[in-house]
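Asks: Dropping a structure here in structure tokens format, bear with me for questions.
The values are calculated or read from the model by the stated rules, or taken from the named source; none is laboratory data. For clarity, every value in this text was computed on a predicted model and none was experimentally measured. When we count neighbours, we look across all protein chains shown, and the Cβ atoms used for this are built from the backbone with ideal geometry, even at glycine. With ligands, DNA and RNA removed, areas are computed over all heavy atoms of the protein, side chains included. Shrake-Rupley method; radii C 1.70, N 1.55, O 1.52, S 1.80 Å.
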Amino acid sequence: MGRRTTRAYRPKVGRIITDPNTDITYLFEKIIGTSGLDFVYKAVYFSRDKHTNIFSTGYITVKYLRKGNPDIGTSFTATGKISTRNIINIESWFIRRFEDNGYLVGLPYMSEGSLRYILSSNFYYGLPEDCIAIALKEALIGLLDIHNSGRIHKYFNAGNIFVNNSKAGGEIEIKLAFEAAGYDSDPQFKVNKEVDAGDSSVPRLTNISAWAAAPEIYYTYEDSDDIENDYSVKSDIWLVGITALELAYGNIRVSDREDFDDMINKIRKSKKLPKKLEDLFEEITYPIEEEGEEEKNDGKMKKVVGFFKDKLKLGKEKEGDNLVEEINDKKGKMKRVMGYFKEKVGKKKEEERLFSKEFENVVLDCLAKKPRKRPNVERLLRQPFFEKAKDKNWFQRRVLHAKNPKPITSDSDSDD
């Protein structure tokens, strides 16, 4: 017998199905993402109250769950029972069952897709830092509820944080997808396309929870057949740090785990985030203009020192108190000159800082090598970066309503 091939669930837009248990009708309006081989759809639903004969309608996300999906068995006891506004719950089970024991489920419709989709569509070089604080804070509240229920997320990343801007009243929602509620929100398959198109060996962002997993997970995987027991609250926190980097830079571009580890180690060592992650992979070089500037400053310092030496030599010809007075005067001038140079260097370093110290502290805490040194979600939410976060309306204005999203590049910092 030939090998049985797996058929993808990809009905055409316009398909109409009816849930035999509820008589709710669903019209597939458009493709909004993928789940493995299968398409995920935005659907319009129509329902009628049998007692009042009143019709209601709205939008819903329809996703196909195949037989053998590990989330099918746990979602009845996990996703369905974590009642919180910050987690995407499955609203409708068994919209339709198929012969292969797979079935359709209904999820809340999240109009803007995932944060990763938002990055790939408009914010190629990362979100504004104040908007990262808002989005991550909302997702962390959902993660806290998951941890408090005794469960681990395992796949916390920008692709599992969704945004909805279609709620009545204009309020936006930012929610964390958990287990069966997750899918890749990228109907045009644009996520990381520049990287993937150029080099097929570059790890895909859609698999970031695997290749960028916490060290205790990634390096145990090769030697353990039961990796599920190695996941913990602290391995989720590691992924929060990785998600923060993706939101800050738009993507994480590495060739393999070795490069990834090298990047993380350099961030830890410098205790500072670079302007571009790619800078961490470049050899330490000194540009010509910087060398010239440094030599110029050295030359100035030598002239100043030489000037004082000449003056001090002349001072030897003077007598007693006059000599002491002039020497003290020169020492004071030297201190002022040295203070000037230190001030200039300090200002230059401050100008070079792209991210706030509060944000860098969050990333460094989450990416601590030893799990016990990483904070739990509760402690993380008490950090200044999240306590000072603005409301979701600010995210709506700066991200969803941004007419010309400004990329974070060196060019954007210069005056036109």
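Asks: Take the range 177-195 and flag every residue that is modelled with pLDDT under 50 and aromatic (Phe, Trp, Tyr).
Replies: Of the residues in the range 177-195, the ones modelled with pLDDT under 50 are 189-195.
Within the range 177-195, just PHE189 meets the criteria.
Asks: Still on this structure: Pairs under 6 Å by beta carbon, first residue in contact (Cβ under 8 Å) with a residue 40 or more places away in the chain and more than 14 Å from LEU136 (Cβ to Cβ) in the range 377-388, partner of a type outside the set (Ser, Thr, Tyr) and not in a helix (DSSP H, G or I), six or more apart or different chains?
Replies: Here the result reads none, with nothing in the range 377-388 linked to a residue that is of a type outside the set (Ser, Thr, Tyr) and not in a helix (DSSP H, G or I).
Asks: LYS234: within 19 Å of the chain's Cα centre (by Cα) and at pLDDT 75 or above, yes or no? Before the answer, list the steps.
Replies: Details: within 19 Å of the chain's Cα centre (by Cα): yes; at pLDDT 75 or above: yes.
It is true that LYS234 is within 19 Å of the chain's Cα centre (by Cα) and at pLDDT 75 or above.
Asks: Further question on the same structure: For the range 23-35, which positions are open to solvent by 70 Å² or more (accessible area, probe 1.4 Å) and assigned to a loop (DSSP other than H, G, I, E, B)?
Replies: ASP23
Asks: Moving on. Filter the range 41-60 for residues that are among the β-branched types (Val, Ile, Thr) and over 26 Å from GLY182 (Cα atoms); which is modelled with the lowest pLDDT? Don't jump to the end; show me each part of the working.
Replies: Taking the range 41-60 as the starting set, the residues that turn out to be among the β-branched types (Val, Ile, Thr) are 44, 52, 54, 57, 60.
Filter once more, so that each one left must be over 26 Å from GLY182 (Cα atoms): 52, 54.
Values: THR52: 84, ILE54: 87.
Here the residue is THR52.
Asks: Look through PHE162, PHE123 and report the one residue that is surrounded by 19 or more Cβ atoms within 10 Å (Cβ to Cβ), part of a loop (DSSP other than H, G, I, E, B), modelled with pLDDT of 80 or more and not charged (D, E, K, R).
Replies: Details: PHE162 fails: part of a loop (DSSP other than H, G, I, E, B).
Only one candidate passes the filter, namely PHE123.
Asks: Starting from residues that are part of a helix (DSSP H, G or I) and among the acidic types (Asp, Glu), keep the ones in the range 228-276 and report whichever is surrounded by the most Cβ atoms within 10 Å (Cβ to Cβ). If you could, list the steps in order and put the result at the bottom.
Replies: At the first step, the residues of the range 228-276 found to be part of a helix (DSSP H, G or I) are 228-230, 233-249, 257-270.
So of that shortlist, the ones also among the acidic types (Asp, Glu) come out as 228, 230, 236, 246, 258-259, 261-262.
On the way: GLU228: 10, ASP230: 16, ASP236: 25, GLU246: 23, GLU258: 9, ASP259: 14, ASP261: 16, ASP262: 14.
Filtering first and then ranking leaves ASP236.
Asks: If only one of LYS63, LYS12 is open to solvent by less than 80 Å² (accessible area, probe 1.4 Å) and at pLDDT 90 or above, which one is it? Working first, answer last.
Replies: Working: LYS12 fails: open to solvent by less than 80 Å² (accessible area, probe 1.4 Å).
Answer to the selection: LYS63.
Asks: May I pose another question? Could you tell me which numbered condition ARG116 fails, if it satisfies all but one of (1) assigned to a helix (DSSP H, G or I); (2) of a type in the set (D, E, K, R); (3) farther than 30 Å from ARG7 by Cα?
Replies: Failing condition for ARG116: (3).
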